[in-house]
Amino acid sequence: MRPQLIFALIFAGLIGLSLVTGKIDPYYYTVIIFIGINITMATSLNLINGFTGQFSLGHAGFMGVGAYVSAIASTFLTTHGLGTEVMGGVPVMAIALLVGGLAAALTGLAVGIPSLRLKGDYLAIVTLGFNEIIRVIIQNVDFKIDGISYVGGARGFAVPQLSSFLWVFGIALVAIYFVENLINSTYGRGFLAVRDDEVAAEAMGVHTTRFKVRAFVIGSFFAGIGGGLFAHFIQYITPDNFTFLKSIEIVVMVILGGMGSTYGVILAAILLTIMPEALREFSEYRMIIYSLMLIVLMIARPQGLFGSETFTRFFAKRKAAANKV
Amino acid sequence: MTGLELQHVTMRFGGLTAVGDLNAVIEPTGLVGLIGPNGAGKTTVFNVITGVYSPTQGDVKFLGKSIKSLKPNEINQHGISRTFQNIRLFRGMSVFDNIRVSYAPRTNNKIIGSLLRMGGFYKEEKEVAMKIDRLLEFFNLSHTRDEQAISLPYGDQRRVEIIRALATSPKLLLLDEPAAGMNPTEKVNLMKLIRQLRDEFKIAILLIEHDMSLVMGVCEQIMVLDYGVKIAEGTPKQISENKHVIEAYLGEVVE
């Protein structure tokens with residue numbers, strides 16, 4: 001079966017599911033939405049960190065750019081005639097997300113071109129620093145158009161509610177589809193070659209800097225869209241939503257899922273969103289237990305939940321091993 | 001038209017002259033051996049040709065054009081491809097995917113085509129797979145197609161590296177110690193293979209090798225480097241009788 005068909009089927013399933021989301025307890029609904037957003041964030045970071053091997057610690061920065069720019073777009077549009085009443089708010093949200101994603105992608109390009117010449121730890125530090133720069137810039141921006149406050153600096157920015165189950169998971173599906181298609185093509189093997197051996201990749205004609213920048217821009221684009229979904233769901237964003245702690249949270253998902261395994265990363269995004277919530281009954285011990293679980297998981301499976309295996313190959317191997325015994 | 005031309009190439013690292021004033025010409029279908037004792041600067045010559053280093057002095061010309069200031073990936077696009085002394089296969093990939101990387105910078109379906117899978121995407125992927133399978137068959141490696149490249153025996157890994165280099169459709173192929181780590185049978189087969197490659201693909205081959213019988217048996221022309229300087233050049237017969245070479249390198253081999 002061609003991937004298009006599988007993804008179309010899943011999308012149909014999502015539409016069906018979206019009809020019953022109104023009946024879910026709001027708390028669980030919130031957790032489910034965060035799972036969807038985290039899947040988009042982790043899948044897109046996996047393209048940069050996992051598949052291309054460039055250790056970025058600034059993903060929350062791009063998420064922040066996307067969140068704020070899309071929020072500015074939607075606030076402007078809803079107060080200038082294209083409100084939520086027009087076609088259920090779909091056009092506003094689509095434009096806002098696209099603008100947010102493009103802004104994040106452009107930022108990714110601007111950050112990527114100079115910093116992707118660096119390797120390993122240096123790149124991590126530069127992206128981390130960039131994340132903080134974005135946050136500080138947002139903290140100091142505040143302007144009004146027609147009497148309505150935009151961005152709001154450290155105070156925060158009120159955003160119209162436009163996200164929904166279908167938006168969040170629809171976008172997650174698109175992100176997965178894009179990353180998987182890209183990686184599993186001949187062109188996409190260039191990204192993996194950059195990760196595995198830059199010298200050999202260059203000797204085979206792969207323009208390594210160009211591949212790195214492209215991975216960075218595509219990853220940032222989806223991070224920006226993820227930010228847009230986030231902003232339009234929680235309806236009030238502050239710069240503190242996008243600190244480097246958020247970046248690290250996403251990096252942990254990528255590492256735990258297995259660098260370079262889309263399905264492992266999805267599973268890790270689900271697990272790591274649910275775990276802190278499920279541990280709430282332990283109140284003050286929550287983060288200790290959470291950290292301990294992470295340590296145990298990393299010791300037990302240092303290669304990540306799935307390693308670099310794909311979903312089908314992972315189970316095919318299990319089956320083959322079971323048949324042998 | 002000459003193939004590769006090295007004109008007064010000098011490569012210095014600080015006070016050390018790794019290659020000094022090297023002049024050489026390789027014809028479009030030449031089969032040339034580059035030999036010399038350890039540390040003679042052979043691999044440095046490869047690195048200068050493929051753009052890993054930019055020569056301190058002199059010029060490198062390929063098909064009449066200067067390539068000395070180009071980057072390694074651009075030089076590869078000009079038709080020079082190489083293998084590495086310390087095998088550099090892509091660790092996370094199968095044999096098939098290792099070779100597929102060589103087509104990554106040469107596909108018509110780049111980002112948009114791959115994302116949307118339109119514009120003859122599947123047709124092109126099928127063509128690439130066919131080309132790879134044909135190369136694997138030529139090297140008798142079809143059975144390893146889906147195995148992890150780094151899990152293969154040493155000799156097979158070297159051959160996969162040669163295929164990967166060939167997949168970029170080079171006009172000049174540089175082989176850095178292709179027989180290292182191979183047993184005598186593998187070496188004999190490799191000799192035949194290298195000649196076959198040249199005849200089949202109509203390319204020039206420059207190879208670094210320590211195994212004298214291999215170099216003497218397969219190459220039509222041999223260059224000898226010692227301390228970065230070319231001390232002799234000629235046919236295998238001439239080289240084996242050359243006094244300087246015997247002193248520097250072959251000493252005990254030729255009685």
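The values are calculated or read from the model by the stated rules, or taken from the named source; none is laboratory data. Since the structure is predicted, the reported quantities are computational estimates derived from the model, not experimental observations. Neighbour counts run over all protein chains shown; Cβ positions are idealised from the backbone, glycine included. These accessible areas exclude ligands, DNA and RNA; they are computed on the full protein's heavy atoms, side chains included. Shrake-Rupley method; radii C 1.70, N 1.55, O 1.52, S 1.80 Å.
A:GLU284 sits with roughly 130 Å² accessible to a 1.4 Å probe, with DNA, RNA and ligands left out of the calculation. Each part gets one Cα centre, and for segment A:76-151 versus segment B:117-138 those centres are 40 Å apart. How far is helix A:59-78 tilted off the main Cα axis of chain A, in degrees rounded to 10, range 0 to 90? The angle comes out near 30 degrees.
For segment B:110-132, a reduction of at least 50 Å² in accessible area between the chain on its own and the assembled protein chains (probe 1.4 Å) is found at B:ILE111, B:LEU115, B:ARG117, B:TYR122. Here B:ARG12 sits with roughly 100 square angstrom of accessible surface, probe radius 1.4 Å. The apolar share of the surface of chain A, taken as the fraction of accessible area on carbon and sulfur atoms (1.4 Å probe, ligands and nucleic acids excluded), comes to 70 percent. Other residues with beta-carbon under 14 Å from the beta-carbon of A:MET275 carry, at +1 per Lys or Arg and -1 per Asp or Glu, a net charge of -1.
Magnitude of the charge dipole for the protein assembly as shown, about its Cα centre and with charges confined to Cβ atoms of Lys, Arg (+1) and Asp, Glu (-1), is about 880 debye.
With 20 Å² as the minimum drop in accessible area between chain alone and full protein complex (1.4 Å probe), the qualifying residues in segment A:207-237 are A:HIS207, A:ARG214, A:ILE218. Shown for chain B: the carbon plus sulfur share of the solvent-accessible area, taken with all protein chains present and a 1.4 angstrom probe, equals 53%. Using a cut-off of 19 Å between Cα atoms, the listed pairs B:LYS123/B:LYS171; B:LYS65/B:LYS171; B:LYS42/B:LYS202; A:LYS119/B:LYS42; A:LYS119/B:LYS68 include B:LYS123/B:LYS171; B:LYS42/B:LYS202; A:LYS119/B:LYS42; A:LYS119/B:LYS68 as exceeding that distance. When only the Cβ of Lys, Arg, Asp and Glu is charged (+1, +1, -1, -1), the dipole of chain A relative to its Cα centre reaches about 820 debye. Using only protein heavy atoms and a 1.4 Å probe, how much accessible area in total is buried between B and A, to the nearest 100 Å²? Separately minus together, B and A give about 2800 Å² buried.
Computed from label points 7 Å out along Cα-Cβ, the spacing between A:ILE125 and A:TYR236 is 3.9 nm. Summed over the residues of the protein assembly as shown and divided among them, the accessible surface reaches 44 Å² per residue at a probe radius of 1.4 Å.
The spacing between segment B:91-115 and segment B:178-228, judged by their C-alpha centroids, is 29 Å. Relative contact order for segment A:3-243: 38 percent, from Cα pairs under 8 Å spaced at least 6 residues apart, divided by residue count. With contributions of -39500 (n - 2.57) from each DSSP H run of at least four residues, the per-residue ellipticity at 222 nm computed over the protein assembly as shown stands at -17500 deg cm²/dmol.
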